[in-house]
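Here is the structure we will look at, set down as structure tokens.
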Amino acid sequence: MKNKGIILFLVLFFSFSAFAQKGTVKGKIFDIKSNQPLEFAAILIQGTDIGTTADANGDFTFVDVEPGFKRLVVSLTGFQIAVSEEFQVQGNQTSFINVGMSQTLIQLGEVTVRQNFSAKKIESPISVLSVGVQEIEKTAGATRDVSKVIQTLPGVGATDPNRNDLIVRGGGPSENVFYLDGIEIPTINHFATQGSSGGSIGVLNPDFIQNIDFYTGAFPAGKVNALSSVMDIKQKDGSKDKLHTKLSVGASDAALTLDGPLSKNTTFIVSARQSYLQFLFSALKLPFLPTYNDFQVKVKTKIDQKNEITFLGIGAIDDDALNTGIKNPTESQAYILSYLPTYKQWNYTVGAVYKHFADRYYDTWVLSRNMLRNTNFKYRDNNTDSAKISDYKSDEAENKLRFERNYPDLPVKLSFGGGVKYAHYTNYTNREIFINNTVMSLLYNTKINLFGYQAFAQASKQLLDNQLKLSLGVNFVGTNYNDNMMNPLNQFSPRFSVSYALSPDIDLNANIGRYAQQPAYTTLGYRNSAGDLVNKNENLRYTISNQAIAGFEYRPMGNMKLSMEAFYKHYDYYPLSVADGMSIASKGTEFGQVGDEEIISRGKGRAYGVEILYKIMEMKKLNLTATYTFFRSEFTNSAGVYVPSSWDTKHLFNLISSYKFRNNWYLAIRWRYVGGAPYTPIDPVSANKSVWNVSKQPLLDYTKFNSLRLPNTQQLDIRIDKEFYLKKMVLNLYADIQNVYNFQTQGAPIYTNLDTGTTDASGNKVYSPNVDPTDSNKYLLRTIDNFAGRVLPTIGIIVKI
């Protein structure tokens, strides 16, 4: 009877899923410059002969659309043909997509519409890729985490598979900036590394994301403070038809998203996520127990045809406790518990974007505030009744106002703008450090207030019947920290791009540019043991990077692209650590903070290489992307000698594919190959008790920095999705298996001062410091095998009503 009941349930379930299998698409066609609706535009679902026409208000509707990921092609006399961003159609649901069009002065004849593979703009015709909804939702091994999807793009390196650091074209993880609907957000990851940009789990809710433009070079002049990448994220608007509820349950967290109309002209979308990862980690007997929560909200109001305003907020609360209750810990667990501190962190960004559309231009005003509080501490022997042996608490907050004006239809396309920033930074530090062969106590409080500014302009022109496209941009930035950084001429940053259509299928593209980045607040606010702001002198400057890129793009078919790019990056004034004499470009992928030390801006660096991308989109329901990058990344030490950075893996290869089967089944695979990363042997002085007890970890031998290299690594991930379209609900079930064939990645050797362990009277494993019998002032250090990798299956459920 029980089996019959299960069979009956399955029959009914699949029967109900047969109803209402198709979806609806609604939207508006509008003029990008004036925001006015465009009537009678012809709209086609790309890859089909299904079309319609916009009405007098620019509105359109498609009904009975097959589920899947779609784009629209829009044409209208006097305007350039537009291809929409990618969107998802689901059975029994309405998808909303608005398409903006730009006017053209050129008489169009017969036009061939091609797939919108990238977000290539005249300002940045090279080194920019567009990431759509399908890649975020269905990429294997990414578990809908934006940063993990970005890590599969050409030129983006990998560190620890459990972290979201972005290592782009050999640059450090602190060289990236992020924009959310035009608002800069410093943090997009939980357990973020202060002074850098990485973390362990993404904060961004994929339900909000419409499209991501990811620049690895040729940055638009309006995007400042980036040396390696700009991630420009566009969010969806809330649904206009009714209130929708979406529940997502995965292996580590559950999320609830609501979206819908608040009034005729106002929509909203809001979400909250709660983790239960700590229970999984406890069951696996891992030495740390992370807990995270996040929220996200967007409200958009169309005041009238000429004015609209968007409010948004995003934030996270993180807590990483130590799992001191492990019975019979392994050597590795005991070692991690001996040095790892407790982390507590929260951050948020809130802001508003106001847009005004005039007859010849449109303005954008952006007002925002962001704040990060980072706390970590360590008790001696993890005994909370004893004194803390390290204590750190820091706040950094920024208030920003930015203005931009765009003239899209002048003979020369023109944009310009500027902004101001007021920053407040505090830091309380109490810890021991080893410097100049001496163990010292570092205790300080700091509080600084900084004023910063920026200004930019960019002009672009198309010539020779649009075959030749030129763009020249420049920006200035500065801050009142010291005289060098206040002078805008020191941060003068021009850039020039050119694109030439050799044929309808082949483009040649190039860019040269100069870019500047402000040092981290942890560096600006660092004080020595005497309480002096030792970095507040003329030896600290903005980091400067001069870059050159050249390449081609070949489109043999409408849904196929092959591109190759060569790049060279040269760095000046890169921060050097006074303590160890090395560039901090190789730091920033550890939890906590980076840059809180004495720094001088005397380092140089270089990164160069070549990237190849081959992509197929929607070829008989097959998607395929193959990328290969060969690169070198080197930075100077205090002696001026170039040494490999910690990201100098030389080779990056990604193979990503997905296929949509009948009845809404999806299969996706991702295979990644990464060359061996360099690492550094330890300094023999680490065995001294006074040195080891500072951090319970060995010191590196910086005279042999990155002189050794690990083996190559690889990983295969597989994901299977099934979507069910019931009468009033969409159900998505998926299974994601990471590291399918259990490849063991070798890491740098782990050194411990603990013995191999004994068993006490209760049968518990106990580890004790192993003292050198010939010298009581030293420990005997030994190595522990450091292999990472396990088959990691994830089962998820997504329900939308």
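Scanning the stretch 747-767 for residues that are more than 11 Å from THR330 (Cα to Cα) and under 41 Å from the mean Cα position of the chain (by Cα) gives GLY747, ALA748, PRO749, ILE750, TYR751, THR752, ASN753, LEU754, ASP755.
Pairing residues of the stretch 703-724 that are outside the structural domain of HIS651 (by TED's automatic domain parsing) and within 24 Å of ALA668 (Cα to Cα) with residues that are loosely packed, with under 15 Cβ neighbours inside 10 Å and at pLDDT below 95, at Cβ distances under 9 Å and at least 6 apart in sequence or on separate chains, gives no pairs at all. For the stretch 30-68, the set of residues classified as in contact with a Pro (Cβ under 7 Å, 6 or more places away or on another chain) and of a type outside the set (Lys, Arg) consists of PHE30, ILE32, ASN57, GLY58, listed by residue number.
Scan the stretch 255-266 and give yes if some residue there is at pLDDT 95 or above, within 17 Å of LEU129 (Cβ to Cβ) and outside any loop (DSSP other than H, G, I, E, B), otherwise no. No, the conditions are met nowhere in the stretch 255-266. Being surrounded by 14 or more Cβ atoms within 10 Å (Cβ to Cβ), assigned by TED's automatic domain parsing to the domain that holds PRO504 and within 30 Å of LEU367 (Cα to Cα) is a property that does not hold for GLU432.
Being farther than 30 Å from LYS306 by Cβ and within 36 Å of the chain's Cα centre (by Cα) is the filter; apply it to the stretch 18-49 and report the residue that is modelled with the lowest pLDDT. Among those residues, the one meeting the criterion is GLN21.
Residues are listed down the side, and each one gets a yes or a no for (1) under 26 Å from the mean Cα position of the chain (by Cα); (2) surrounded by fewer than 21 Cβ atoms within 10 Å (Cβ to Cβ); (3) over 30 Å from VAL439 (Cα atoms):
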site	(1), (2), (3)
SER497	yes, no, yes
LEU508	no, yes, yes
ALA550	yes, yes, yes
ARG555	no, yes, yes
ILE584	yes, no, no
GLY588	yes, no, no
GLN593	yes, no, no
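Quick one: ASP532 ticks every box in (1) free of Cβ contacts under 8 Å to residues at least 40 places away in the same chain; (2) assigned to a loop (DSSP other than H, G, I, E, B); (3) touching a strand residue (DSSP E or B) at 6+ places or on another chain (Cβ under 6 Å) except a single one, so which number is it? Of everything listed in (1) free of Cβ contacts under 8 Å to residues at least 40 places away in the same chain; (2) assigned to a loop (DSSP other than H, G, I, E, B); (3) touching a strand residue (DSSP E or B) at 6+ places or on another chain (Cβ under 6 Å), ASP532 misses just condition (3). Candidates are the residues of the stretch 734-792 that are in contact with a Leu (Cβ under 8 Å, 6 or more places away or on another chain) and not in a loop (DSSP other than H, G, I, E, B); the one that is surrounded by the most Cβ atoms within 10 Å (Cβ to Cβ) is THR752. Does ASP359 qualify as being modelled with pLDDT under 95 and among the charged types (D, E, K, R)? When the stated conditions are applied, ASP359 passes them. For the stretch 371-393, the set of residues classified as out of contact with any Gly (no Cβ under 8 Å at 6 or more places or on another chain) and assigned to a strand (DSSP E or B) consists of MET371, LEU372, ARG373, THR375, PHE377, LYS378, TYR379, LYS388, ILE389, SER390, ASP391, LYS393, listed by residue number. The residues of the stretch 527-548 that are at pLDDT 95 or above and of a type in the set (Ser, Thr, Tyr), listed by number, are TYR542, THR543, SER545. Mind telling me which of the residues LEU652, LEU622, LEU708 ends up being more than 30 Å from LEU781 (Cβ to Cβ) and at pLDDT 95 or above? Only one candidate passes the filter, namely LEU652. Listed by position, the strands (runs of 3 or more DSSP E) inside the stretch 569-672 whose residues that are in contact (Cβ under 8 Å) with a residue 40 or more places away in the chain and assigned by TED's automatic domain parsing to the domain that holds GLY171 number at least 3 are 599-619, 622-636, 651-661. Evaluating GLY595 against the criteria (1) modelled with pLDDT of 95 or more; (2) closer than 16 Å to LEU227 by Cβ leaves one unmet condition, (1). When the criteria are applied in full, ASN382 meets the requirement of being surrounded by fewer than 16 Cβ atoms within 10 Å (Cβ to Cβ) and among the polar types (S, T, N, Q). Taken over the stretch 424-469, the criterion of being over 30 Å from LYS400 (Cα atoms) and either in contact with a Phe, Trp or Tyr (Cβ under 8 Å, 6 or more places away or on another chain) or polar (S, T, N, Q) (or both) is satisfied by ASN430, ARG431, ASN436, ASN437, THR438, MET440, SER441, GLN462, ASN466, GLN467, LEU468, LYS469. In this structure, is ALA748 at pLDDT 90 or above and within 28 Å of GLY141 (Cβ to Cβ)? For ALA748, the condition - at pLDDT 90 or above and within 28 Å of GLY141 (Cβ to Cβ) - is met. Against the test of being at pLDDT 90 or above and loosely packed, with under 14 Cβ neighbours inside 10 Å, the options ASN3, ASN57 yield a single qualifying residue, ASN57. Counting just the residues of the stretch 384-420 that are among the hydroxyl-bearing types (Ser, Thr, Tyr) and at pLDDT below 90, which one comes out farthest from VAL366 (Cα to Cα)? Here the residue is SER386.
The values are calculated or read from the model by the stated rules, or taken from the named source; none is laboratory data. A quick note: this is a predicted structure, and the numbers were derived from the prediction, not measured. Note that we place each Cβ from the backbone using ideal geometry, even for glycine, and neighbour counts take in every protein chain shown.
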